[in-house]
């Protein structure tokens, strides 16, 4: 099997794994009980799933310009999705939309007690 | 843009169809969560996941057709995907800072921040705050 054939097979496998992660996120979003645990499910395709699909597409395209564009897409996705998840998780905590009995450790509560409502 | 699908081996065609079907099911499930809800933050999370699924679909069709025409769309989506959820989260945090629980109830009836029991949401609705 030639080099391109191997790249095609590996790329297809990567895209299949990414699509499975997307499906997993859909199931998790429907079945998990609250915002934080749904975020846990929803952020899988945003980082790993999308990166796998981008790697797959890059292995199929195999041209330097397209590879650079795909690299930029992955970079921006890795930059932006943690910011969005941080903001959503923060808003979920502060609006009390979580079950505190489920938390193993809650380090934000004492920090918020020390200086309540000082940072916006 | 004359798009003609490259000829692939039958095994690849089947695998591509399977991937597309998986992405379609994932998109439907995420859309269901987007519709059902119960809070605005759930919808923001679901919207982020939906953008990720759409980006995966665009990446798939780029690979299948061998056509990089839609890669800038992917770039724009990776920029814009997070502005919506950041805006929503910021808005919710601001409302929380203001301490306007009653306004929260007025604006979005099914959020349940005031401990109001929602009916008919099924067994997996958002949890009540303590």
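Taken over the range A:9-36, the criterion of being within 19 Å of residue B:18 (Cβ to Cβ) and facing chain B (nearest Cβ under 7 Å) is satisfied by A:11, A:12, A:15, A:16, A:18, A:19, A:20, A:22, A:23, A:25, A:26, A:27. The conditions of being buried (at least 19 other Cβ atoms within 10 Å of the Cβ), more than 8 Å from every other protein chain (Cβ to nearest Cβ) and modelled with pLDDT of 90 or more are met by residue A:52.
Before we move on, is residue A:57 closer than 19 Å to residue B:53 by Cβ, within 7 Å of chain B (Cβ to nearest Cβ), surrounded by 23 or more Cβ atoms within 10 Å (Cβ to Cβ) and touching a helix residue (DSSP H, G or I) at 6+ places or on another chain (Cβ under 6 Å)?
yes
Kindly evaluate residue B:62 against the criterion of being within 7 Å of chain A (Cβ to nearest Cβ) and either free of Cβ contacts under 8 Å to residues at least 40 places away in the same chain or touching a strand residue (DSSP E or B) at 6+ places or on another chain (Cβ under 8 Å) (or both). Taking the combined requirement at face value, the residue satisfies it. Scoring residue A:68 on the criteria (1) more than 19 Å from the chain's Cα centre (by Cα); (2) modelled with pLDDT of 90 or more; (3) crowded, with 24+ Cβ neighbours inside 10 Å leaves a single failure, condition (3). Taken as a whole, the condition of being without any contact (Cβ under 8 Å) to a residue 12 or more places away in the chain and at the interface with another protein chain (Cβ under 7 Å from one of its Cβ atoms) does not apply to residue B:82. Look at (1) within 30 Å of residue A:98 (Cβ to Cβ); (2) within 8 Å of chain B (Cβ to nearest Cβ); (3) modelled with pLDDT of 90 or more and you find that residue A:45 fails only one, number (3). Of the candidates A:63, A:2, the single residue that is surrounded by fewer than 19 Cβ atoms within 10 Å (Cβ to Cβ), facing chain B (nearest Cβ under 8 Å) and out of contact with any strand residue (DSSP E or B) (no Cβ under 7 Å at 6 or more places or on another chain) is A:63.
Please determine whether any residue of the range B:35-56 is surrounded by fewer than 20 Cβ atoms within 10 Å (Cβ to Cβ) and within 30 Å of residue A:62 (Cα to Cα). Yes: one or more hits.
The values are calculated or read from the model by the stated rules, or taken from the named source; none is laboratory data. Computed from a predicted structure; not experimentally measured. Please note: Cβ atoms are built from the backbone with ideal geometry, for glycine as well, and neighbour counts cover all protein chains shown.
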